[in-house]
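All remarks here apply to the structure that follows.
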Amino acid sequence: MPLKVLIIGAGVCGPAFATLLRRADPSLSAYEITIIERAPKLRETGLQIDLRSQGIPIVRKMGLMDTIRRRAVPESGVAFVDAAGRPFATFGKNDSGHGAQAMTSEYEIMRGDLVDVFYRASLGLSADDDDEGEEPSTPNVVSNGNVRYEFGVTVNDISQHDDAAVDVAFSDGRTARYDLVVGADGQSSRTRRMMLGGKEASDACFKPLDLFTAFYQIPRTPADDSWMNCHVMRGRRAIFTRSANVKAPTQVYMAIQTSRAEDAFGLSTARSVAEQKETFAQAFADQHGWRVDEFVDALKNKTREEDFYATEIGQVRCRKLVVGRVVLLGDAGYCPSPITGMGTTLSLTGAYVLAGELARHGRDGVPEALEAYARGVRPFVDEAQRLIPGLPRLLYAESRWGVWILTTVVWLMSKLRIVDLVFKLAPENSGGLQIPEYPELNLSS
Ligand SMILES: Cc1cc2nc3c(=O)[nH]c(=O)nc-3n(C[C@H](O)[C@H](O)[C@H](O)COP(=O)(O)OP(=O)(O)OC[C@H]3O[C@@H](n4cnc5c(N)ncnc54)[C@H](O)[C@@H]3O)c2cc1C
């Protein structure tokens with residue numbers, strides 16, 4: 001009898017985990033994998049994400065590195081620009097093939113591309129194939145072999161029986177029993193809420209980092225090049241743009257460093273996308289340096305709701321990753337936040353360790369595998385969640401004078417190459433944790 005696995009969430013680590021289980025099961029008889037996604041189709045949205053430290057060997061072992069390199073965004077590095085748009089400090093990427101990644105990784109990729117790579121791999125499709133798997137029986141189902149995706153579905157309820165089976169009630173009224181339920185449903189995971197017994201316990205896992213961000217895209221202009229541009233402003237505000245992907249629009253990121261208690265702009269209370277757009281546009285309306293007017297105007301008048309995404313930056317610190325046969329994976333259990341740059345890598349490490357332990361312990365050893373996963377992934381989580389002291393507060397300035405000090409420090413760092421030293425302090429470099437080997441996964445060595 002195959003192990004019936006339900007994965008909730010077809011983001012980055014859900015499909016990556018399914019791919020790893022598929023590789024461990026060449027006869028397609030050990031696992032029966034269902035992945036449900038709340039969105040009506042694969043959510044190929046999101047801006048640039050990257051692979052770092054452990055994420056690189058994991059993707060290499062999965063045999064997907066060439067595919068990812070083909071789709072990588074060739075960003076040159078990070079440039080800080082002044083109010084006239086002149087770059088005054090630049091930090092190039094490390095493409096030497098040695099040492100840790102710099103601010104810009106060698107493996108920058110659009111989130112949608114990475115999601116698509118794992119989605120295809122999990123269905124056993126070739127990377128650039130147009131084939132979308134077996135003819136869907138309904139428009140929202142795609143399957144191939146032992147992997148089946150169901151879109152436009154979520155879970156309403158989960159109940160466990162004697163730690164041996166999980167009954168799941170779906171949003172479309174169906175119910176089904178699984179041997180294992182994996183919550184890979186991101187930072188605001190509903191699986192976490194159900195697993196921990198309520199919203200309060202789940203919310204308590206979220207540690208805000210006093211930073212609010214909005215991401216959106218605008219049409220490219222001739223000024224957009226392969227550098228990520230950063231412009232810092234008084235009032236603890238900054239705008240970043242990324243445009244190295246010449247086939248895509250320019251990405252704009254607005255960031256405001258404030259706590260929920262001090263939140264003068266109402267960022268923490270804006271709920272609908274329209275409210276969030278308006279709040280961010282207002283928050284930057286008094287700034288006119290560089291291209292800020294253009295970005296505010298685009299946000300107010302041109303950005304489509306589906307191209308806009310605002311979030312409070314924080315970390316998910318959930319000590320309990322497993323309850324019975326329900327387990328949390330990726331951002332759902334241990335989002336380290338985008339300021340660490342480790343979200344994607346950590347979610348892949350989790351997928352690798354969970355798949356490895358399941359393959360190692362076999363059908364009858366699921367509880368032992370889950371225990372080994374929770375234990376095995378913890379050092380990687382602790383390392384990725386360690387923040388450089390003072391971040392993100394130190395990257396933002398309240399007054400004009402503060403902006404002057406900040407930009408002078410950034411200029412000095414670029415001239416004296418101090419940033420290389422700072423990166424040596426980053427968790428990515430300090431721990432040197434190696435991923436365990438799992439021959440049972442049948443990956444390349
Ligand atoms: C739309 C989107 C855009 C993003 N853009 C960026 C970005 O620009 N930069 C960045 O650094 N990070 C971004 N992220 C986060 C980044 O993908 C993750 O931090 C990281 O890759 C770890 O991935 P994950 O698989 O754990 O979570 P995610 O990639 O967040 O995937 C979670 C998936 O679960 C689905 N889901 C959520 N709730 C349910 C539910 N109740 N039932 C079924 N499915 C559910 C979501 O739709 C999503 O597809 C984005 C995430 C999303 C969902």
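Every condition in (1) open to solvent by 40 Å² or more (accessible area, probe 1.4 Å); (2) within 16 Å of the ligand (Cβ to nearest atom) is met by Tyr107 except one, and the failing one is (1).
Among the residues making up segment 147-170, a single one is of a type in the set (S, T, N, Q), within 16 Å of Gly9 (Cα to Cα) and touching a residue at least 24 places away in the same chain (Cβ under 8 Å): Thr154.
Residues of segment 282-323 that are under 18 Å from Phe240 (Cβ atoms), under 25 Å from the mean Cα position of the chain (by Cα), surrounded by fewer than 20 Cβ atoms within 10 Å (Cβ to Cβ) and not β-branched (Val, Ile, Thr): Asp307, Phe308, Tyr309, Ala310, Glu312. Given the criteria in contact (Cβ under 8 Å) with a residue 40 or more places away in the chain and either crowded, with 21+ Cβ neighbours inside 10 Å or under 25 Å from the mean Cα position of the chain (by Cα) (or both), does Arg271 qualify? Judged against the criteria, Arg271 is not a match. Within segment 400-415, residues that are open to solvent by 70 Å² or more (accessible area, probe 1.4 Å) reach partners that are part of a helix (DSSP H, G or I) with beta carbons closer than 8 Å, at six or more positions or on different chains, in the pairs Leu412/Ile418.
Taking the conditions (1) within 16 Å of the ligand (Cβ to nearest atom); (2) in the same structural domain as Arg260 (by TED's automatic domain parsing) in turn, Asp331 satisfies each one other than (2).
Residue count for segment 62-86 satisfying the condition of being open to solvent by 20 Å² or more (accessible area, probe 1.4 Å), under 27 Å from Asn442 (Cβ atoms) and not in a loop (DSSP other than H, G, I, E, B): 4. At least 1 residues being more than 21 Å from Pro87 (Cα to Cα) is the threshold, and among the strands (runs of 3 or more DSSP E) wholly inside segment 210-319 those reaching it are 250-257, 309-316. Could you check how many residues of segment 17-41 are in contact with a Phe, Trp or Tyr (Cβ under 7 Å, 6 or more places away or on another chain) and more than 8 Å from the ligand (Cβ to nearest atom)? Here the count works out to 7.
Listed here are the residues, each with its yes/no results for (1) among the hydrophobic types (A, V, I, L, M, F, W, C); (2) assigned by TED's automatic domain parsing to the domain that holds Thr258; (3) part of a helix (DSSP H, G or I).
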| residue | (1), (2), (3) |
| --- | --- |
| Gly376 | no, no, yes |
| Phe380 | yes, no, yes |
| Ala397 | yes, yes, no |
| Trp404 | yes, yes, yes |
| Thr408 | no, yes, yes |
| Trp411 | yes, yes, yes |
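With respect to the conditions (1) surrounded by 22 or more Cβ atoms within 10 Å (Cβ to Cβ); (2) within 13 Å of the ligand (Cβ to nearest atom), Ile239 lacks only one, and its number is (2). Output the residues belonging to segment 18-41 that are touching a strand residue (DSSP E or B) at 6+ places or on another chain (Cβ under 7 Å), among the hydrophobic types (A, V, I, L, M, F, W, C) and in a loop (DSSP other than H, G, I, E, B). Scanning segment 18-41 gives Ala30, Ala39.
Hey, can you tell me all the residues within segment 166-179 that are outside any loop (DSSP other than H, G, I, E, B) and touching a Gly at 6+ places or on another chain (Cβ under 9 Å)? Matches in segment 166-179: Val166 only.
Within segment 177-196, residues that are without any contact (Cβ under 8 Å) to a residue 24 or more places away in the chain and assigned by TED's automatic domain parsing to the domain that holds Leu321 sit with their Cβ atoms under 9 Å from residues that are open to solvent by 20 Å² or more (accessible area, probe 1.4 Å) and acidic (Asp, Glu), at 6+ positions apart or across chains, in these pairs: Ser188/Asp331; Arg193/Asp203.
The values are calculated or read from the model by the stated rules, or taken from the named source; none is laboratory data. Here the structure is a predicted model, which is why all the values come from computation and not from measurement. Counting neighbours? That spans all protein chains shown, and the Cβs are built from the backbone with ideal geometry, glycine included. To get the accessible areas, we keep the full protein, side chains included, count just its heavy atoms, and leave off ligands, DNA and RNA. Shrake-Rupley method; radii C 1.70, N 1.55, O 1.52, S 1.80 Å.
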